[in-house]
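Visitor: Here's a structure for you.
The values are calculated or read from the model by the stated rules, or taken from the named source; none is laboratory data. The structure displayed is predicted, hence computed values, not measured ones. Here Cβ is always computed from backbone atoms with ideal geometry, including for glycine, and neighbour counts include all displayed protein chains. Please note that ligands, DNA and RNA were not included when accessible areas were found on the heavy atoms of the full protein model with its side chains. Shrake-Rupley method; radii C 1.70, N 1.55, O 1.52, S 1.80 Å.
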Amino acid sequence: MIAVVQFGGSNCDRDAVRALSDLGFEAERVWHEDPLPEATTGIVLPGGFSYGDYLRGGAMAARSPIMESVREAADDGVPVLGVCNGAQIGCESGLTPGAFTTNASARFQCEHVYLRVENADTRWTAAYEEGEVIELPIAHGEGRFELDAERYEALEADDRILFRYCDEDGNVTDEANPNGSLGNVAGVLGDSESVAVLMPHPERASLPQLGNTDGRGVLAGFEG
């Protein structure tokens, strides 16, 4: 069972459950003050505005009671996916490196973007080819990925960058970067391949009736 953690201010938890269910997974929402169910085989930290983004996006939710259990589960190899606000929570809780901060535009960005698959040899990207371009929606005000130079070089050397913002032809350019992220980074792995975060929303591009299913491959990562 995939536990979709619901924080105060989450608003993509139902979207995640529906998208996962459409892919054949058993998924249910779990309130952040409750324990993870014993049957948990995967975890989603969904998008939204936990605690109203007070202090920083994800900073308070990262200290919610359930997050210690999430970190322990991740250490045991349970797959964890953080999306948008969930990506912020993942970084703030130490599951993944770096931080997501205010967009370079200082505006909330809500649009469809193109992503280039940088590493197709992970559970989260195995459905794609390296260099493939997919289209996903974004909706965030604090999506700019930042990391110090030394750790960024290590992230690249370890092939832990999953996606970069690009244009329709796969060119990674400043113009294709919607938020000013370092290196156009849109998604990264944690220390373990089982943990990933990304700012774009795969669950919003997974149902056929929405006209775009490019995100299904990311969610299929829960299959292992």
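Visitor: Using alpha-carbon pairs under 8 Å, 6+ residues apart, how would you state the relative contact order of segment 98-224 in percent?
Guide: Across segment 98-224, relative contact order equals 30 percent.
Visitor: Excluding Asp13 itself, what net charge comes from residues whose Cβ is under 12 Å from its Cβ, given Lys and Arg +1 and Asp and Glu -1?
Guide: Surrounding charge for Asp13 is 0.
Visitor: Right, next: What chymotrypsin sites (Phe, Trp or Tyr not before Pro) does segment 1-108 have in DSSP loop regions with at most 13 other beta carbons within 10 Å?
Guide: Filter output for segment 1-108: Tyr54, Phe108.
Visitor: Shape verdict for segment 90-174, please, from the Cα gyration tensor: rounded (a/c under 1.5), prolate (a/b greater than b/c) or oblate.
Guide: Cα axes put segment 90-174 in the oblate bin.
Visitor: Give me, ordered by chain and number, the residues 5 or more places off Cys166 or on other chains with an amide H under 5 Å from its own placed amide H.
Guide: Result for Cys166 returns Tyr114, Leu115, Arg116.
Visitor: Right, next: What do you get for GluC sites (Glu not before Pro) in segment 114-193 restricted to DSSP loop and a cutoff of at most 13 other Cβ within 10 Å of the site's Cβ?
Guide: Details: sites: Glu118, Glu129, Glu130, Glu132, Glu135, Glu142, Glu146, Glu150, Glu153, Glu156, Glu168, Glu175, Glu193; in loops: Glu118, Glu129, Glu130, Glu132, Glu142, Glu168, Glu175, Glu193.
Answer by residue number: Glu129, Glu130, Glu168, Glu175.
Visitor: What accessible area, in Å² to the nearest ten, does a 1.4 Å probe give for Cys166?
Guide: Estimated to the nearest 10 Å², Cys166 gives 10 Å².
Visitor: Once every DSSP H run of n ≥ 4 in the chain is given -39500 (n - 2.57) and the sum is divided by its residues, what mean residue ellipticity at 222 nm do you get, rounded to the nearest 500 deg cm²/dmol?
Guide: -5000 deg cm²/dmol
Visitor: Give the percent of DSSP beta bridges with both residues in the chain that are antiparallel, rounded to the nearest 5.
Guide: Here the antiparallel bridges make up roughly 60 percent for the chain.
Visitor: Can you list which of the GluC sites (Glu not before Pro) found in segment 1-108 are DSSP loop residues with at most 14 other C-beta atoms within 10 Å?
Guide: Glu26, Glu33, Glu38
Visitor: Additional query: Given R₀ = 25 Å, FRET efficiency for Glu129-Ala104 by Cβ-Cβ distance, to 0.05?
Guide: 0.25
Visitor: Considering all projection directions equally, how large on average is the shadow of the alpha-carbon convex hull of segment 2-221, in square nanometres?
Guide: Values: hull surface 42.9 nm².
If you wrap the Cα atoms of segment 2-221 in a convex hull and average its projections, you get 10.7 nm².
Visitor: Still on this structure, please answer the following. Where Lys and Arg each count +1 and Asp and Glu each count -1, what net charge lies around Thr125 among other residues with Cβ under 14 Å from its Cβ? Walk me through the intermediate numbers first.
Guide: Values: positive: Arg116, Arg123, Arg160, Arg164, Arg216; negative: Glu118, Asp121, Glu129, Glu130, Glu132, Asp159, Glu193, Asp214, Glu223.
Neighbourhood net charge equals -4.
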